[in-house]
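To start, the structure itself, in structure tokens.
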Amino acid sequence: MDRGTRATFLGLDEDEEGPWDVVILPIPFEMTTSWIEGTERGPAACIEASSQVELYDPLLPGELPCGLSFHTSSPWGSEAGTLREQLNSITEYVSEWIDTGFPLVLGGEHGILPPIMEAMKKHSRLNGDLSELTLIQIDAHADLRDELNGERFSHGTAIRRSLDAGVGRVIQIGTRALSESEAIFSDVDDRVETWYAREILGSSGLLGGWELLLESISKISGPVWITFDIDGLDGKLVPSTGTPVPGGLSYWAAVEVIERIFSAAGTEVLGADVNEIAPGKDGPLTEFNAALIATKILSCHCARILNEKGE
């Protein structure tokens, strides 16, 4: 498909040549799905749905792209025969874009995260050292297993392998589906801070759990990567994702978390991924909500750029 017919995120007219302020990276990867399939079609569905997302955000002085330049890349693809070879090819694909602009990755199963973290080692801000990076994970699942169905590089081990890659800190938000071993790992490993959905959204959340979460986010400092598994949203909002789980974040709760991350004075958000997108058979609700979340992340990034420029 040539550039003239390729769909762009939000349906924006894009410059043919850089430099770009934002790069959209579709990674239609699906090899370790353990229940409902379809994430390989998720990025394209999300981009198609994004053409129906409004371009206005009250944080911005006008509609996106607000004078900034966006670029939607050709999707990742690989004919490699093994899982590890495919993951390595994702690292190569993302590495080309790390310092080109703000990378927003659309996935694909959550197994894309460890190879993205390997690519981030090449980011000029990190200089090969991921120990400075805080990974903020919005997700129904902990993804802290050491293996799932005999595979160590699975969507269910994405955070554990990212820690193995050297990530210094993980903040989990909305967790509500995990194994006993994952709960123990979270409790004993100082690198992991878990905000369980029941504590921040359930009846106990009425005692101040949500406010404590937002206060904690405001204190984050240093480089940040956001990994947003869309099953972090309540299951009714994303019914076609691989494992929709009730009791998750509302859309407005997700917006508040994203805005608080970008407004934290000490943070430098280097990029983000929105993953586990799968198109719905009975309607586009899942991919449309994914497009909304991705757009909110980009709006916050653009607002921060324009504020720093004094515009």
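The values are calculated or read from the model by the stated rules, or taken from the named source; none is laboratory data. Given the structure is predicted, the values throughout are model-derived calculations rather than measurements. FYI the Cβ positions are ideal-geometry reconstructions off the backbone, even for glycines, and counts take in every protein chain you see.
Give the stretch 203-258 a look and list any residue that's buried (at least 19 other Cβ atoms within 10 Å of the Cβ) and charged (D, E, K, R), or say none. Once the filter is applied, which keeps residues that are buried (at least 19 other Cβ atoms within 10 Å of the Cβ) and charged (D, E, K, R), the stretch 203-258 yields ASP229, ASP231, ASP234. Could you check, for the stretch 286-303, whether at least one of its residues is of a type outside the set (Val, Ile, Thr) and either surrounded by fewer than 17 Cβ atoms within 10 Å (Cβ to Cβ) or modelled with pLDDT under 95 (or both)? Looking through the stretch 286-303, none of the residues is of a type outside the set (Val, Ile, Thr) and either surrounded by fewer than 17 Cβ atoms within 10 Å (Cβ to Cβ) or modelled with pLDDT under 95 (or both). Considering (1) surrounded by 24 or more Cβ atoms within 10 Å (Cβ to Cβ); (2) among the hydrophobic types (A, V, I, L, M, F, W, C); (3) over 16 Å from the mean Cα position of the chain (by Cα), the lone condition that ILE112 does not fulfil carries the number (3).
Candidates are the residues of the stretch 174-193 that are acidic (Asp, Glu) and not in a strand (DSSP E or B); the one that is nearest to HIS141 (Cα to Cα) is GLU182. Of the residues making up the stretch 232-247, those that are of a type in the set (A, V, I, L, M, F, W, C) and more than 16 Å from the chain's Cα centre (by Cα) are LEU237, VAL245.
Taking the stretch 261-285 as the range and being under 16 Å from SER240 (Cα atoms), in contact with a Leu (Cβ under 8 Å, 6 or more places away or on another chain) and surrounded by fewer than 23 Cβ atoms within 10 Å (Cβ to Cβ) as the test, only LEU285 passes.
Please specify each residue of the stretch 164-181 satisfying the condition of being over 21 Å from ASP234 (Cα atoms) and crowded, with 21+ Cβ neighbours inside 10 Å. Listed by number, the residues that qualify are VAL167, VAL170.
Of the helices (runs of 4 or more DSSP H) lying entirely inside the stretch 41-137, those containing at least 1 residues that are in contact with a Lys or Arg (Cβ under 8 Å, 6 or more places away or on another chain) and touching a residue at least 24 places away in the same chain (Cβ under 8 Å) are 83-95, 113-120. Mind checking which residues of the stretch 254-299 are under 26 Å from SER216 (Cα atoms) and basic (Lys, Arg)? Of everything in the stretch 254-299, those that are under 26 Å from SER216 (Cα atoms) and basic (Lys, Arg) turn out to be ARG260, LYS296. Among the residues making up the stretch 144-173, those that are free of Cβ contacts under 8 Å to residues at least 60 places away in the same chain and in a loop (DSSP other than H, G, I, E, B) are LEU144, ARG145, ASP146, GLU147, GLY150, ARG152, ALA165, GLY166, VAL167, GLY168.
Restricted to the stretch 194-231, and to residues there that are assigned to a loop (DSSP other than H, G, I, E, B) and over 18 Å from the mean Cα position of the chain (by Cα), the residue that is nearest to LEU270 (Cα to Cα) is SER221. Among the residues making up the stretch 232-273, those that are in contact with a helix residue (DSSP H, G or I) (Cβ under 9 Å, 6 or more places away or on another chain), among the small types (Gly, Ala, Ser) and assigned to a helix (DSSP H, G or I) are GLY232, ALA253, ALA254, SER263.
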